[in-house]
1. Considering the range A:335-361 alone, what residues qualify as being in contact (Cβ under 8 Å) with a residue 60 or more places away in the chain and among the small types (G, A, S)?
2. Quick check on the range A:121-128. Is at least one of its residues open to solvent by less than 10 Å² (accessible area, probe 1.4 Å), hydrophobic (A, V, I, L, M, F, W, C) and more than 17 Å from the chain's Cα centre (by Cα)?
3. Which of the residues spanning the range B:148-162 are under 20 Å from B:G58 (Cβ atoms) and surrounded by fewer than 21 Cβ atoms within 10 Å (Cβ to Cβ)?
4. If I filter the range B:291-305 for residues that are assigned to a loop (DSSP other than H, G, I, E, B), of a type outside the set (S, T, N, Q) and within 21 Å of A:Y408 (Cα to Cα), do I get at least one hit?
5. Within the bounds of the range B:60-80, is there any residue that is within 30 Å of A:E378 (Cα to Cα), hydroxyl-bearing (S, T, Y) and not in a strand (DSSP E or B)?
6. Could you count how many residues in the range A:92-119 are surrounded by 12 or more Cβ atoms within 10 Å (Cβ to Cβ) and modelled with pLDDT under 95?
7. Residues in the range A:310-331: is at least one in contact with a helix residue (DSSP H, G or I) (Cβ under 7 Å, 6 or more places away or on another chain) and of a type in the set (S, T, N, Q)?
8. Would you call A:A165 open to solvent by less than 10 Å² (accessible area, probe 1.4 Å) and at pLDDT 95 or above?
There are 2 protein chains.
Amino acid sequence: MDVAQYMTQLGEQARAASRLMARADTDSKNKALLAMAEAIDARREALAEANRTDMENGRDKGLDDALLDRLELTPARIDGMIEGLRQVAALPDPIGAIRDMSYRPSGIQVGKMRVPLGVIGIIYESRPNVTCEAASLCLKSGNAAILRGGSEAIHSNQAIATCIAEGLKAAGLPHEAVQVVETTDREAVGRLITMPEYVDVIVPRGGKGLIERISNDARVPVIKHLDGICHVYIDAEADRTKALNIAINAKTHRYGTCNTMETLLVDAAVAGELLPELAEHYEQLGVELRGCERTLALLPRLNAATDADWDTEYLAPILSIRIVDGMDEAIAHINRHSSQHTDAIITENYTKARAFLREVDSSSVMVNASTRFADGFEYGLGAEIGISTDKIHARGPVGLEGLTSEKYIVLGDGQVRS
Amino acid sequence: MDVAQYMTQLGEQARAASRLMARADTDSKNKALLAMAEAIDARREALAEANRTDMENGRDKGLDDALLDRLELTPARIDGMIEGLRQVAALPDPIGAIRDMSYRPSGIQVGKMRVPLGVIGIIYESRPNVTCEAASLCLKSGNAAILRGGSEAIHSNQAIATCIAEGLKAAGLPHEAVQVVETTDREAVGRLITMPEYVDVIVPRGGKGLIERISNDARVPVIKHLDGICHVYIDAEADRTKALNIAINAKTHRYGTCNTMETLLVDAAVAGELLPELAEHYEQLGVELRGCERTLALLPRLNAATDADWDTEYLAPILSIRIVDGMDEAIAHINRHSSQHTDAIITENYTKARAFLREVDSSSVMVNASTRFADGFEYGLGAEIGISTDKIHARGPVGLEGLTSEKYIVLGDGQVRS
């Protein structure tokens, strides 16, 4: 069987399983999640063994330390998978929820019912714990999943797949509801993203290059996350302490995350008062600062920001700083340079807070809070499959609801159109 | 300026206008809609004149009667456009609505705000009244629109575009918020659907061939409507009168609409009692019936249905009929052959009604109502831009809400991540 045939088979099986999953009751889905957690707990040694094989192969292949770190299934990460499954089991079941039922003049009653999307294809890098996380979210939302992890994690992923299948079986659900692609052939990805007859949506998780390639080639809708070029704007009427705390936290809490601030905008009215102190803080923490001309006039020791800086996601201890004349200029900068991920204003002014919330076109818009809060757990989604920077279907952190859709339901007493 | 440059210019202008539209208040948008209605009323003669040119050119080109009928702007259709604009003005503004604000343990308050999608590209056939309808829905939902109608309607569309621009101007909104493509070059469509930097979503309206072509070539998300292969299932416990009325109405109220029934499924327990009477009704109305083997055993005079019939959208006075053993067989048939548009059960049984609603994976699922109700006006959306058979973003009739999305908003008092 070649790769194309193999993927078609996975697709057919997933489509058939998705119909059973759509009607699975909440109790069965939760049972499966808890049984998966038990299976993982019972097979810790087998998981560690499979992961050791992947780690050895990875070292032989010369993977760098960051990749090896993500590949490793430490006991703490196995605990994390188990805990994650239990948390998803505890989340409310979104499927079947009905809203807005109302009577129409014709006498029919119309409303919307939340339903699964069907089959979800997830493509991710060599982080085996994602296999478990993705499976749990797809399962709870009544979908079937086809998971394609990075080839370096193949043994770990297969070992996790065994636990997942066991959990599904224990709950009487079809084990094809979660299928982990068994081949490392790259053609498998090419097929997965071009089978609209079997796959309803693709969620790629990984670097920008991977996501752009998948978006360009996909014949199936893609829920994607591209850049995180996030801004904090310190308004003239900002509270000094809030401004300092948030500006420091948004940049330095973690450098490599998508919701980290990359550009700081400061109103000219308070730049002279705030920037020297902020710059000292940043420099103590080892952050390289790149300023606009006006910033350099204030702090000549900084590097100059180039045009490219305003459009760069550093994912590193680097920050570009620009002084602006008022909120409108800040919003114009944000709407031009932001990746529409997360942007925040620091202000005590009610009218400006309200306008900023309305006018900034990003998936998360904040007032007086650190951009680092843009995250499924912090938002109360329980877990997230990713953060969408798309405009249709789902924006921002995508939890269970993002893996569902709504259909119309109509209840009548024999009504006909006249 | 070549077509590619021209379309890029439209795209840039639309993107700029979309930012102003996103912050336009409800009053301005309604004023623009009412001013458009007045402009159309005041320019009836110019519209009729432009339409006469299109009609003459169409006749010279040998367009068939159905196409000429759709192309014609009768006084009644002009009245319809004016009335439609006023109705959209009267609809509630979806933009800025906030839901589910709640406090999180960190102290931040998180919720969702409804926002426009941005720039919407609409591609449609030679029906000039669609220009007005599409413009009004995009405008009210805070979007900018690029409209590309069929080339046969070019003079009518330009005349309507003048009225639209006048309305926007009267309300102080940018006239680039609604741009009607002025060239009939087909390359314009090719560019429109491959400019993700300027266009956020494409809504194609027209025949299946057009929609498939656009979906295949688009590099922008598409909200689309493909087939309408709709089913009515008459259950063993159906009320006889409701079953007869709905089965007749769903097929014969109008033959050419996407929500017309194409296949009737009847439980074997009641087929002998219902089908002979139903067949007589249909035959009197001139409907050709094509039956499965069991149907032919009951009514030997009918034509035999072939495998292809179960997957055909007739859009004509033809109906395929299949006898099934119970609801599960009916659901299996529907989930296999339905285009996931609209499917109905006729039953008095509570448990079966509930299961049918849950298990049938179509954009509208009905109990004891005619499939003909699947329509934005009947559902209370006020107007519709189309009916989506997609699974992500919007399913079923798409009104103002389908042209919007939701972003997260976060309100804090200086919170930082720890």
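The values are calculated or read from the model by the stated rules, or taken from the named source; none is laboratory data. Bear in mind that the values here come from a model prediction, so they are computed numbers and not experimental data. Glycine gets a Cβ as well: all are built from the backbone with ideal geometry, and neighbour counts include every protein chain shown. Surface areas here come from the heavy atoms of the whole protein model, side chains and all, with no ligands, DNA or RNA. Shrake-Rupley method; radii C 1.70, N 1.55, O 1.52, S 1.80 Å.
1. Scanning the range A:335-361 gives A:S338, A:S339, A:A344.
2. No, the conditions are met nowhere in the range A:121-128.
3. B:S151, B:H155, B:Q158
4. So far as the range B:291-305 goes, no, none of its residues is assigned to a loop (DSSP other than H, G, I, E, B), of a type outside the set (S, T, N, Q) and within 21 Å of A:Y408 (Cα to Cα).
5. So far as the range B:60-80 goes, no, none of its residues is within 30 Å of A:E378 (Cα to Cα), hydroxyl-bearing (S, T, Y) and not in a strand (DSSP E or B).
6. Adding up the residues that qualify gives 0.
7. So far as the range A:310-331 goes, yes, one or more of its residues are in contact with a helix residue (DSSP H, G or I) (Cβ under 7 Å, 6 or more places away or on another chain) and of a type in the set (S, T, N, Q).
8. It is false that A:A165 is open to solvent by less than 10 Å² (accessible area, probe 1.4 Å) and at pLDDT 95 or above.
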